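Written out below as structure tokens is the structure these notes cover.
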Amino acid sequence: MTRKTTRRAFLRTTSLTGLGLLLARRAPAVLESDGSPNEKLNVAVVGVAGRGGGNLSGVAGENIVALCDIDEKNLYNASQQFTGAKIYNDFRAMLDQGDIEAVVISTPDHTHAVATVAALKAGKHVYCEKPLTHSVYEAHVVAKTATAQRAATQMGTQIHAGDNYRRVVELIQSGAIGPVREAHAWVGKTWSGGERPEKGEEVPSHIKYDLWLGPAPVREYHSTYLPANWRRWWDFGGGTLADMGCHYLDVVHWALDLENPIAVEANGPPVHPETTPAWLEATFHHPARGSLPPVSVTWHDGGKRPKQFAEEGAMPQWGDGVLFVGDEGMLLANYGDYRLLPEDRFRDYQPPRESIPPSIGHHNEWIAACKTGAPTTCNFRYSGALTETVLLGNVAYRSGKKIAWDRHHLTTNDPEADRFLRRDYREGWSL
């Protein structure tokens, strides 16, 4: 047996050892020890600039054996740093490279699922940027495939590894503000607007545009789509909610032990068939969980905020953030800080003992999981449900209705709304 085959067999065996933890919906917040072998992991990276560049840096200590990008300039720049890596434009060809053990995916949203499922079915461990998928149906398929393949997985919600989120979770779960029946998350940014260009542009020589389109419908190239503005087009992204929802709703799901809503409603400007809204408010209704009461979680973007901000003196005027509203107080949080409110009530409050240990790092969790079978905190079962929830906000908005959600049958029980749960793929592309 060859050395490479032996190593792959070792990685698969150790992953199976940790399977029970990997498949848990809530993984422990930290790996007790990495227990990883000294040998480096063979990693391929799909998407090597922008967010992809950040993820490439996050795994740079491993053995980077393949780089893939549809932009030849990005690919060249990355290959100068990782001179031993083979280079590709098409991830499907890349996955035939026999020594790849794990894949990092940082493409635009519309190719997340096809790349992730292909890598999983090829027997690779996978790290994928948020949101995990472009459609609700894809989130379900990705999570199911990861479970079947027994892979080490992680979604790129990097802030999940920060200490502040851990303290917020401890406070909420210790009952600092009492039972929580209402929560909010908001960001001021917006991805929106515009009509499809009437005339296309010449494709730059360094761009493989057909590969960039991937499973999306054919349209002429235009610089308004890439590299940066694809998020505001329904064919490629999901607007501000899809961009930021998994970051800010993550701590809400974690702290309140949420999985899938049973109903979702949303409002915003009139729905445009091509582009995402300038602002959106979506409310996710979650059922009781054991002793925890039902809770309504509302997302606000494009300058919208919870009504509590309009009450004089009730709230510090922070920027983007999260608000938990409990029976005995409120907790305001952002990535790096939190505040218990009203402040005079909590002036002498002593927080609970820290019980969630620090993370070894978001990328490091995944690397350790690939090598040892140890758990990750944002595995595809947890992040699949989070992504599913986030994207249901867009389904409710585009349908113009309050929708029920039957996760087991993947339906809203409304044919008009159900058409936004999934999409058709271009010929040559599939899950």
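Per-structure values
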item: Matching residues in segment 337-385 - criterion: being open to solvent by 10 Å² or more (accessible area, probe 1.4 Å) and of a type in the set (D, E, K, R); result: Asp337, Arg339, Glu343, Asp344, Arg345, Arg347, Asp348, Arg353, Glu354, Lys371, Arg381
item: Residue check, Ala119 buried (at least 24 other Cβ atoms within 10 Å of the Cβ), part of a helix (DSSP H, G or I) and modelled with pLDDT of 95 or more; result: yes
item: Boolean, Val187 is over 26 Å from Ile70 (Cα atoms) and within 22 Å of the chain's Cα centre (by Cα); result: yes
item: Flag if Ile172 is part of a helix (DSSP H, G or I), at pLDDT 95 or above, over 20 Å from the mean Cα position of the chain (by Cα) and crowded, with 18+ Cβ neighbours inside 10 Å; result: yes
item: Residues within segment 146-188 that are in contact with a helix residue (DSSP H, G or I) (Cβ under 8 Å, 6 or more places away or on another chain), touching a residue at least 40 places away in the same chain (Cβ under 8 Å) and among the polar types (S, T, N, Q), tallied; result: 6
item: Test: residue in segment 133-153 that is under 20 Å from Ile367 (Cα atoms), assigned to a strand (DSSP E or B) and of a type in the set (A, V, I, L, M, F, W, C); result: no
item: Of all residues in segment 97-116 being farther than 20 Å from Trp234 by Cα and part of a loop (DSSP other than H, G, I, E, B), the one that is most open to solvent (accessible area, probe 1.4 Å); result: Gly98
item: Enumeration of residues in segment 56-81 that are outside any loop (DSSP other than H, G, I, E, B) and either of a type in the set (Lys, Arg) or in contact with a helix residue (DSSP H, G or I) (Cβ under 7 Å, 6 or more places away or on another chain) (or both); result: Leu56, Gly58, Ala66, Leu67, Cys68, Lys73, Ala78
item: Verdict on Leu241 being surrounded by 15 or more Cβ atoms within 10 Å (Cβ to Cβ), in contact with a Ser or Thr (Cβ under 9 Å, 6 or more places away or on another chain) and not β-branched (Val, Ile, Thr); result: yes
item: Flag for Tyr127 being of a type in the set (Phe, Trp, Tyr) and either within 23 Å of Met244 (Cα to Cα) or touching a residue at least 12 places away in the same chain (Cβ under 8 Å) (or both); result: yes
item: Of all residues making up segment 214-237, the number that are in contact (Cβ under 8 Å) with a residue 24 or more places away in the chain and open to solvent by less than 10 Å² (accessible area, probe 1.4 Å); result: 6
item: Elements of type strands (runs of 3 or more DSSP E) contained in segment 287-347, each with 1 or more residues being of a type in the set (Val, Ile, Thr); result: 295-301, 321-326
item: Complete set of residues in segment 72-96 that are in contact (Cβ under 8 Å) with a residue 60 or more places away in the chain and either buried (at least 21 other Cβ atoms within 10 Å of the Cβ) or aliphatic (A, V, I, L, M) (or both); result: none
item: Val218 vs. criteria among the β-branched types (Val, Ile, Thr) and assigned to a loop (DSSP other than H, G, I, E, B); result: yes
item: Residue among Trp318, Trp254, Trp279 that is in contact with a strand residue (DSSP E or B) (Cβ under 9 Å, 6 or more places away or on another chain) and modelled with pLDDT of 95 or more; result: Trp279
item: Any hit, segment 360-367, residues being at pLDDT 95 or above, part of a strand (DSSP E or B) and either in contact with a strand residue (DSSP E or B) (Cβ under 9 Å, 6 or more places away or on another chain) or among the basic types (Lys, Arg) (or both); result: no
item: Within segment 137-147, considering residues that are touching a Leu at 6+ places or on another chain (Cβ under 9 Å) and surrounded by fewer than 24 Cβ atoms within 10 Å (Cβ to Cβ), the one nearest to Asn394 (Cα to Cα); result: Tyr137
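The values are calculated or read from the model by the stated rules, or taken from the named source; none is laboratory data. Model, not experiment: these values are computed from the prediction. Counting neighbours? That spans all protein chains shown, and the Cβs are built from the backbone with ideal geometry, glycine included. Keep in mind that these areas ignore ligands, DNA and RNA; they rest on the heavy atoms of the full protein, side chains included. Shrake-Rupley method; radii C 1.70, N 1.55, O 1.52, S 1.80 Å.
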